[in-house]
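Working notes, beginning with the structure itself.
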Amino acid sequence: MPPRSPEFGSEHEITRIPERARIFDREIPAWDLIEQTIPADKLKIEFAEGSYQDKLPEELRVFRDEIVRKRSAAGERLRNGPTVALDGWRTETDSVILSTREGRYFDDLATHFALDEKLPDGRTVRSFIDQKGLFRPGGFQHSILAGSLGLGVVLETNDGRVILQERSQRVLLRPGAMQVSIGEGLRLNDVRSGSIHRAITRALREELGTSWSQTQEIVGTKLGMAEDDLQPTIAAYVRSPLSSQQVKQTAAAARG
């Protein structure tokens, strides 16, 4: 299963939150896959059940097996759990529909989480993927990348603050860095409903202990991708009627 990365950190005061914040404007270069902000009720998800296919070429399959062997030998308990992988998207009337399928976590280990590691021939995984065809307009269905779909939630409290979390030192990407309020992978049960609302409410409840009645407004969502891992991510901007102190208390209670 993907590492559970966020550890509750701190809140940073901000002076103003734009109505349509560009969630992906960060220190790590990133870009929008869909330029416009998408209302949450207009973002639909189609999921193909039982659709996993091993798309990795032989070189990366060997690399994947070696990564798993080394990390298991180091004492890590790894499970090749299912992920939600993005194939593509389309627009119908005023909605955006994401086409997703079943992926596997070990494919992430050999692509998104290892882009700058070297293969036996000296090439990095990133250069290998670039040469083979990294990304095609319209989606990941022709890409070597695993394409697992992430979820990032930015929570604004009623006292004008945005909740940030500090990533664990145990994760593969950006250990110890500050990140958005929620940062994790989508789960199969999240997308089976066809709506992003389930994923957002589930993540907020588990990580910050806030119920849906306490997170009243999803301002908008974006679909983007960061340069360091090339992982597609849905970002949601949520306004809460709770204060930052109240969110810290609910988060502490949720973590026991």
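The values are calculated or read from the model by the stated rules, or taken from the named source; none is laboratory data. Worth saying up front: this structure is predicted, and the values here are computed from it rather than measured. Methodologically, a virtual Cβ is constructed for each residue, glycine included, from the backbone with ideal geometry; neighbour enumeration extends over all protein chains shown.
Please pick out the residue among 45, 67 that is assigned to a helix (DSSP H, G or I) and either touching a Phe, Trp or Tyr at 6+ places or on another chain (Cβ under 9 Å) or modelled with pLDDT of 50 or more (or both).
Working: 45 fails: assigned to a helix (DSSP H, G or I).
After applying the criteria, what remains is 67.
Please verify whether residue 241 is surrounded by 20 or more Cβ atoms within 10 Å (Cβ to Cβ) and either within 19 Å of the chain's Cα centre (by Cα) or not charged (D, E, K, R) (or both), treating the condition exactly as stated. Let's see the steps before the verdict.
Working: surrounded by 20 or more Cβ atoms within 10 Å (Cβ to Cβ): no; either within 19 Å of the chain's Cα centre (by Cα) or not charged (D, E, K, R) (or both): yes.
So residue 241 fails the test.
If you take the residues in the range 70-88 that are assigned to a strand (DSSP E or B) and modelled with pLDDT of 90 or more, which one is farthest from the chain's Cα centre (by Cα)? Don't jump to the end; show me each part of the working.
Here is the first cut: in the range 70-88, the ones assigned to a strand (DSSP E or B) are 82-88.
Narrowing the set further to residues that are modelled with pLDDT of 90 or more leaves 82-86.
Details: 82: 14, 83: 11, 84: 10, 85: 11, 86: 11 Å.
By that ranking, first place goes to 82.
Rundown of residues vs (1) at pLDDT 85 or above; (2) surrounded by 21 or more Cβ atoms within 10 Å (Cβ to Cβ), yes/no style:
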position	(1), (2)
163	yes, yes
183	yes, yes
192	yes, no
212	no, no
221	yes, yes
235	yes, yes
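Which of the residues that make up the range 48-64 are touching a helix residue (DSSP H, G or I) at 6+ places or on another chain (Cβ under 9 Å), free of Cβ contacts under 8 Å to residues at least 60 places away in the same chain and not in a loop (DSSP other than H, G, I, E, B)?
Scanning the range 48-64 gives 61, 64.
Considering only the range 178-192, state which residues are assigned to a loop (DSSP other than H, G, I, E, B) and either without any contact (Cβ under 8 Å) to a residue 12 or more places away in the chain or not hydroxyl-bearing (Ser, Thr, Tyr) (or both).
At the first step, the residues of the range 178-192 found to be assigned to a loop (DSSP other than H, G, I, E, B) are 180-181, 186-187.
Within the range 178-192, 180, 186, 187 meet the criteria.
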